[in-house]
Structure formats: structure tokens, C-alpha cells
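Okay, so here's the structure we're looking at.
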Amino acid sequence: MERVEKFLKEADTYFLATVDGDQPRVRPFGTAHIIDGKLCIQTGRSKDVAQQIFANPKVELCAFKDGTWLRVAGELAEDNRLETKKAMLAVYPSLQSMYSAEDENTCVLYFKNATATFSSFTSAPEVVTF
Ligand SMILES: Cc1cc2nc3c(=O)[nH]c(=O)nc-3n(C[C@H](O)[C@H](O)[C@H](O)COP(=O)(O)O)c2cc1C
């Protein structure tokens, strides 16, 4: 899981796909941090992306860096604890102008039943589950 977190941070931007009925949706994301042994991302409860995840927690993300692409497929579950939200916002100070741990909107989600696959054109895929 640490390797996945490192790759996502170094790639800086990944693309998060959700399911909206029978329509896939995808958008850029940047937050990724391990908190209490879980790979977490941050979003706003008011966003379509959050509502799609609450309706169907299955997601997949993709990031690309230095000839390698990483896909993480799994489910996202909410960690609604104040300390988790504080930890996430501490790692991403730029979010603090838009979110606070105490507000109604801040939403931290963690991966479960996740399969992460590192792929490239030059070597066999490497799979990590967590
Ligand atoms: C580089 C980049 C990183 C982003 N990271 C996040 C993020 O970690 N969490 C988030 O909620 N929105 C993030 N956004 C904004 C979302 O992409 C944007 O709010 C998007 O419209 C959300 O998807 P939705 O419209 O389907 O709800 C980021 C945008 C960019 C350009």
C-alpha cells in the first residue's frame, strides 16, 4: 500500500472513475494519504463524485508516471472520524481554505477490497491487494 501511496503522490494527479447509473464518470484527483493503515482520499460531500460513491462504492483510479501506469480498483468507504479529517487536511494545507475537519462537507474515503496493478510496456504487471 505504501508503494501505491508513493506512486500517487509522485504522479501528483490521478483520474478517479465512478459509476453513475450506467454511465462511467471520471475526473482528476490529487489527494492520497495513508491514515491508520488505510489509503484515503478526500472530497466534498456536496460533489457529484461523492454522491456517486455513496450510491455505488465501486471505483477505479488511474495514474501515470515515468512509463508506468497504476490502476487501483476497489470500493471506497467513508471514515467520518474528526481525527481522520484533521490528518488529511494537515497533509494538504491548500484544502484548508475550502474545507475544515468540523464542516459538514469534508469527506474522507478509504479503499477497501482494493487491487492495485502497476503496468508498463516493458515488464509484467505487478499486483498489490489491500
Ligand atoms: C489536479 C487536480 C486535483 C484534484 N484533486 C481533487 C481531490 O483530491 N478531491 C476532490 O474532491 N476534487 C479534486 N479536484 C477537483 C475535482 O476534479 C472536481 O471538483 C470535479 O468536478 C469533481 O468531480 P464531479 O464533478 O464528478 O463531482 C482536483 C482537480 C484537479 C485539477
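The values are calculated or read from the model by the stated rules, or taken from the named source; none is laboratory data. A quick note: this is a predicted structure, and the numbers were derived from the prediction, not measured. Neighbour counts run over all protein chains shown; Cβ positions are idealised from the backbone, glycine included. What goes into the accessible areas is simple: the full protein's heavy atoms, side chains included, and nothing from ligands, DNA or RNA. Shrake-Rupley method; radii C 1.70, N 1.55, O 1.52, S 1.80 Å.
Within the range 46-71, the set of residues being buried (at least 17 other Cβ atoms within 10 Å of the Cβ) and in contact with a helix residue (DSSP H, G or I) (Cβ under 6 Å, 6 or more places away or on another chain) comprises A63, L70.
Conditions (1) more than 21 Å from E126 (Cβ to Cβ); (2) over 9 Å from the mean Cα position of the chain (by Cα), marked per residue:
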{"position": "R3", "(1), (2)": "no, yes"}
{"position": "F7", "(1), (2)": "no, yes"}
{"position": "D20", "(1), (2)": "yes, yes"}
{"position": "F29", "(1), (2)": "yes, no"}
{"position": "G44", "(1), (2)": "yes, yes"}
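Residue selection: I53 fails the criterion of being under 24 Å from E2 (Cα atoms), modelled with pLDDT of 95 or more and assigned to a strand (DSSP E or B).
One residue stands out among those in the range 25-45 that are outside any strand (DSSP E or B) and more than 6 Å from the ligand (Cβ to nearest atom): the one that is least open to solvent (accessible area, probe 1.4 Å), which is A32. Of all residues in the range 91-119, those satisfying the criterion of being surrounded by fewer than 13 Cβ atoms within 10 Å (Cβ to Cβ) and either in contact (Cβ under 8 Å) with a residue 60 or more places away in the chain or farther than 20 Å from I53 by Cα (or both) are P93, S94, Q96, S97, M98, E102.
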